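Trainee: Can you read through this structure? Questions will come right after.
Throughout, read-outs are computed from the coordinates displayed, never taken from laboratory work. Small disclaimer: the values here were computed from a predicted structure and weren't measured. Cβ sites come from the backbone with ideal geometry, for glycine too, and all protein chains shown count toward neighbours.
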Amino acid sequence: ISERIQSEKKLEYSERRYRLLFNNANDAIFVQHILAEGHYSDFIEVNQVACNLLGYNQDTLCKHSMLDYARPDALHHLSSQASRPSSEVQQLFETVLLHADGHQIPVEVSSHTFELMGQPTVLSIVRDITERKQSMEALRRSLEGTVQAMGRVVEARDAYTAGHERRG
């Protein structure tokens with residue numbers, strides 16, 4: 001009987017450790033099975049960050065799959081992953097997910113396909129990259145402005161070259 005109690009305690013500890021790691025991740029985590037013909041099951045597990053990211057509670061999210069929240073341009077990434085369920089597949093891609101209130105969330109998805117209890121499964125870790133996208137756009141605009149300003153300076157300093165460029 002003491003061996004059984006020890007086994008139960010080990011199992012309980014393992015479950016608690018898993019829950020702590022899963023629910024304290026900084027990124028959204030979605031888990032779902034791959035069904036026949038490249039279709040996905042509803043989520044079998046999501047963490048609280050996933051709920052916060054998409055604006056739904058866990059019960060609602062677990063009645064849907066990633067396809068219900070992804071823009072159509074992401075479907076080819078998800079479909080290609082589902083078409084190879086027997087081997088371990090890893091993918092990293094960017095897409096846009098839709099929040100409950102309708103706004104679009106640019107995200108980076110890191111997905112890994114593996115077998116869980118004999119069934120092909122996808123673990124997707126999803127990071128909100130809204131700030132990264134905004135920073136990149138601000139940098140792009142700044143660089144464009146710098147290039148344009150440099151062009152005006154060169155044009156103002158070298159009237160001969162600038163005149164030829166305007167005529168050409």
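Trainee: How much net charge surrounds GLU15 when only other residues with a Cβ under 12 Å from its Cβ are counted (Lys, Arg +1; Asp, Glu -1)? Intermediate values should be presented prior to the final figure.
Mentor: On the way: positive: LYS9, LYS10, ARG16, ARG17, ARG19; negative: GLU8, GLU12.
Neighbourhood net charge equals +3.
Trainee: Here's something else I'd like to know. Determine, for each peptide in 56-64, 30-38, the mean count of other beta carbons within 10 angstrom over its residues, then list the peptides with the highest first.
Mentor: Numbers: 56-64: 15.0, 30-38: 16.6.
Highest mean packing first, the order is 30-38, 56-64.
Trainee: Assigning unit charges at the beta carbon (Lys, Arg +1; Asp, Glu -1) and nothing else, what dipole magnitude in debye, to the nearest 20, does segment 1-60 show about its Cα centre? Don't skip to the end; give the middle numbers.
Mentor: Working: 6 positive and 9 negative charges, 74 e Å.
Its charge dipole is roughly 360 debye.
Trainee: Contour minus end-to-end for LEU21 and LEU35, with contour as 0.36 nm per residue of separation and end-to-end as the Cα-Cα distance?
Mentor: Extra length from LEU21 to LEU35 when fully extended: 2.4 nm.
Trainee: If R0 is 45 Å, what FRET efficiency do you get for ASN52 and ARG152 from their C-beta distance, rounded to 0.05?
Mentor: So the FRET efficiency works out to roughly 0.45.
Trainee: Starting at the first residue of segment 95-105, write each ³J(HN,Hα) from the Karplus equation 6.51 cos²θ - 1.76 cosθ + 1.60 with θ = phi - 60°, in whole Hz, x for Gly and Pro.
Mentor: 7, 10, 9, 10, 6, 4, 7, x, 6, 8, 10
Trainee: Oh, and also: Can you run phi through the Karplus equation (6.51, -1.76, 1.60; θ = phi - 60°) for segment 9-21 and list ³J(HN,Hα) in whole Hz, with x for Gly and Pro?
Mentor: 5, 4, 5, 4, 5, 4, 4, 4, 4, 4, 4, 4, 5
Trainee: For CYS62, what charge total do you get from the other residues with a beta carbon under 14 Å from its beta carbon, if Lys and Arg give +1 and Asp and Glu give -1?
Mentor: Taking every Cβ under 14 Å from that of CYS62, the sum is -3.
Trainee: Could you list the residues of segment 102-123 with an amide nitrogen less than 14 Å from a label point located 7 Å from the Cα of THR60 in the Cα-to-C-beta direction?
Mentor: 102-103
Trainee: If you don't mind, there's one more thing I want to ask. Quick check: Cα centre of segment 112-143 to Cα centre of segment 1-53, how many Å?
Mentor: 20
Trainee: Quickly rank 11-21, 128-138, 40-50 as a protection proxy: mean count of other C-beta atoms within 10 Å, highest first. If you can, show how the numbers build up before the last one.
Mentor: On the way: 11-21: 10.2, 128-138: 12.3, 40-50: 18.8.
Answer by packing, highest mean first, reads 40-50, 128-138, 11-21.
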